[in-house]
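Attaching a single structure in structure tokens format; questions to follow.
All of the numbers you see were taken from the coordinates with simple rules; none came from a lab. Small disclaimer: the values here were computed from a predicted structure and weren't measured. All Cβ positions, glycine included, derive from the backbone under ideal geometry; neighbour counts span all protein chains shown.
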There are 2 protein chains.
Amino acid sequence: MKLLEDRIRRDGTIKAGNVLKVDAFLNHQCDVALFNQMGAEWARLFAERQIDKIVTIEASGIGIACITAQHFGNVPVVFAKKTQSINLDGDQYVSSIYSFTKQREYPVIVAKRFLSPGEHVLLIDDFLANGNALHGLIDICQHAQVTIEGIGIAIEKGFQEGGQKLRAEGYDIKSLAIVKSMDPEQGSIEFEPCE
Amino acid sequence: MKLLEDRIRRDGTIKAGNVLKVDAFLNHQCDVALFNQMGAEWARLFAERQIDKIVTIEASGIGIACITAQHFGNVPVVFAKKTQSINLDGDQYVSSIYSFTKQREYPVIVAKRFLSPGEHVLLIDDFLANGNALHGLIDICQHAQVTIEGIGIAIEKGFQEGGQKLRAEGYDIKSLAIVKSMDPEQGSIEFEPCE
């Protein structure tokens, strides 16, 4: 998606250690007009799919998922939680993932009553790198016996293995920008061609 | 807002300890059509105000804030973070709040470059009870020297002191549903009249 690639070039920051900061428009400050264009693009890419629900993970996925739901007939959005709370009672699906950016292990939790067997879901997240967070969501979806119709990712780090492994497992992943390489010294970034 | 009150009566659950669970439509599963009607209502209530930016706090505020931004001319949404991350570098505004639902103290963090002195902001959150979370956001806004034009709350617990204290401090709070009393045994709930 050229619009997103251009925006990453303009407002993203490349740092050492393969860190791409896009907090000016994606995951700290949010550009809602951009999110709408991303949502419209996923609606085009997944037009053939039946989507009953969008599932994402707190916190960065929530805004993107809610705006995107408008392009899928206002389907419900369920966001997995990363901390237990006294408000989270009843039966839960729980998985566990390791975050490199937070540098710790944390749970991924969805209340069982918000994923019903037989539902068709679209997973949405802001980043795909090694795929850890997505694997947590996929694990929960499998336990819930919902069908994952597709996975919409804003930015995929194509040089990390997450996307490749998940595609090999048969998941239909549509990343709106796939980073081929980044150079923190030059501040340059190259993208792979998208659909 | 009658629509929200009706929805709370229909899909909310009242539990002992003054807990009102609205995770079926507000803060675990999200009803985006409802969020749009809430956003339109805040746009009506704050029509006289200049709003340059919406500020909220992860995680439950993000979806509501992003949908609401569409009703304020797609202004940027900034969400305060509750955990440090290697992606959060540079100068930050940091405050600290205590969460009764999480039963621990946690930081509230906003990168300095996303709040500029002189900006006019609208704060949005899903709940207002004792006002702890809001005080963290207000503290950050004061340090950032931005003007808080108003505070939009989905559900205020009118029997707790947060709203009363903040209104006494001069803040223009528009809560879309103000709970007067709840009875977990009867499952009944009463609301105060809203504007």
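Just to be sure I understand the model, the point goes 7 Å from the Cα along the line to the Cβ. What's the resulting A:Gln145 to B:Ser116 distance in nm?
For the pair A:Gln145/B:Ser116, the computed spacing is 5.5 nm.
Same structure again: How far is helix B:132-144 tilted, in degrees, relative to the longest principal axis of the Cα atoms in chain B, given as a value from 0 to 90 rounded to the nearest 10?
Roughly 20 degrees, rounded to the nearest 10.
While we're on this one: Which whole number of Å³ per residue matches the convex hull of the alpha-carbon atoms in region A:122-170?
With only Cα atoms used, region A:122-170 gives 64 Å³ per residue.
Turning to a different aspect of this structure: Compute the FRET efficiency between A:Ser99 and A:Asp172 as 1/(1 + (r/R0)^6), taking r as their Cβ-Cβ distance and R0 = 25 Å, and round to the nearest 0.05. Spell out each step's value before the answer.
Numbers: r = 25 Å, r/R0 = 0.99.
For R0 = 25 Å, the calculated efficiency reads 0.50.
For region B:22-81, list log₁₀ I(q)/I(0) at each q in 0.15 Å⁻¹, using the Debye formula over Cα point scatterers of equal strength and ignoring solvent, two decimals each.
-0.42
Restricting to region B:2-192, compute how many DSSP beta bridges are antiparallel as a %, nearest 5. Display every interim value, and only then the final one.
Details: 17 of 38 bridges.
The answer is about 45 percent antiparallel.
Another question about this same structure. Each label point is 7 Å from the Cα along the Cα-to-Cβ direction; what then is the distance between the points at B:Gln50 and A:Asp11, in nm?
Reported label-point gap for B:Gln50 and A:Asp11 is 2.2 nm.
State the Cα centre-to-centre distance between region A:132-177 and region A:43-90 in whole Å.
14 Å
Also, I was wondering about something else. Express in % the proportion of alpha carbon pairs of the protein assembly as shown at distances exceeding 31 Å. Can you show the working numbers first?
Numbers: 25462 of 75855 pairs.
Percentage above 31 Å: 34.
Then there's this: In region A:148-179, whose amide N lies under 19 Å from the spot 7 Å out along Cα-to-Cβ of B:Ala33? List them in ranges.
Nothing falls inside the zone, counting backbone N under 19 Å.
Same structure again: Along each of the three principal axes of the Cα atoms of region A:1-107, give the extent in whole Å, ordering the values from largest to smallest.
Principal-axis extents of the Cα atoms in region A:1-107, largest first: 44, 39, 21 Å.
So what's the back-of-envelope 222 nm ellipticity for chain A, counting only DSSP H runs of four-plus at -39500 (n - 2.57) apiece and dividing by all residues, rounded to 500? Numbers along the way, then the final one.
Numbers: 5 runs with 54 residues, N = 195.
Theoretical 222 nm ellipticity from helices: -8500 deg cm²/dmol.
Read phi for every residue in region A:102-116 and hand back ³J(HN,Hα) as whole Hz from Karplus 6.51 cos²θ - 1.76 cosθ + 1.60, θ = phi - 60°, with x for Gly and Pro.
Values per residue, Gly and Pro as x: 8, 6, 7, 7, 8, x, 10, 10, 10, 5, 4, 6, 9, 9, 10 Hz.
For chain A, find the longest principal axis of its Cα atoms and tell me its angle to the long axis of helix A:32-45, 0 to 90°, nearest 10.
For A:32-45 against chain A, the angle is about 70 degrees.
If you line up the long axis of helix B:2-11 against the longest principal axis of chain B, both from Cα atoms, how many degrees apart are they, to the nearest 10?
Approximately 70 degrees, to the nearest ten.
Tell me which residues come under 5 Å, amide H to amide H, from B:Val55 once H is placed; ignore anything under 5 positions away on its chain.
B:Val78, B:Leu122, B:Leu123, B:Ile124
Take every DSSP beta bridge with both residues inside the protein assembly as shown and express the antiparallel ones as a percent of the total, to the nearest 5. Show your work: numbers first, answer last.
Details: 38 of 80 bridges.
The antiparallel proportion sits near 50 percent.
How high is the relative contact order of chain B, given as a whole-number percent (alpha carbon pairs under 8 Å, six or more residues apart)? Kindly include the intermediate steps, with their values, before the conclusion.
Numbers: 371 pairs, mean separation 38.0, N = 195.
The value is 19 percent.
Calculate one ³J(HN,Hα) per residue across region B:152-166 by plugging θ = phi - 60° into the Karplus curve 6.51 cos²θ - 1.76 cosθ + 1.60, and present them in order as whole Hz with x for glycine and proline.
x, 10, 6, 10, 9, 8, x, 8, 9, 8, x, x, 4, 5, 5
Run the Debye formula on the Cα coordinates of region B:54-163, all scatterers equal and no solvent, and tell me log10 I(q)/I(0) at q = 0.14, 0.16, 0.17 1/Å.
Log10 I(q)/I(0), no solvent term: -0.53, -0.70, -0.79.
Hey, could you get me the Stokes-Einstein D for region B:2-192, Kirkwood radius over alpha-carbon pairs, 20 °C and 1.002 mPa s, rounded to whole µm² s⁻¹? Mind dumping the intermediate values first?
Working: Rh = 16.9 Å.
It comes out at roughly 127 µm²/s.
Along the Cα→Cβ direction, 7 angstrom out, place labels at B:Gln84 and B:Tyr106. What is the inter-label distance in nm?
Taking the two extended label points, one gets 1.6 nm.
Let's test the formula: R0 of 25 Å, r as the Cβ-Cβ distance of B:Ala40 and A:Glu192. What FRET efficiency results, to the nearest 0.05? List each step's numbers first, then the result.
On the way: r = 40 Å, r/R0 = 1.60.
Taking R0 as 25 Å, the efficiency between B:Ala40 and A:Glu192 is 0.05.
Name the residue from B:Gln92, B:Val77, B:Gln50 whose Cα lies farthest towards the positive end of the charge dipole of chain B, charges +1 on Cβ of Lys and Arg and -1 on Cβ of Asp and Glu.
Of B:Gln92, B:Val77, B:Gln50, it is B:Gln92.
Mind listing which GluC sites (Glu not before Pro) in region B:5-89 are in a DSSP loop and have 13 or fewer other Cβ atoms within 10 Å?
Here the sparse-neighbourhood loop sites are B:Glu48.
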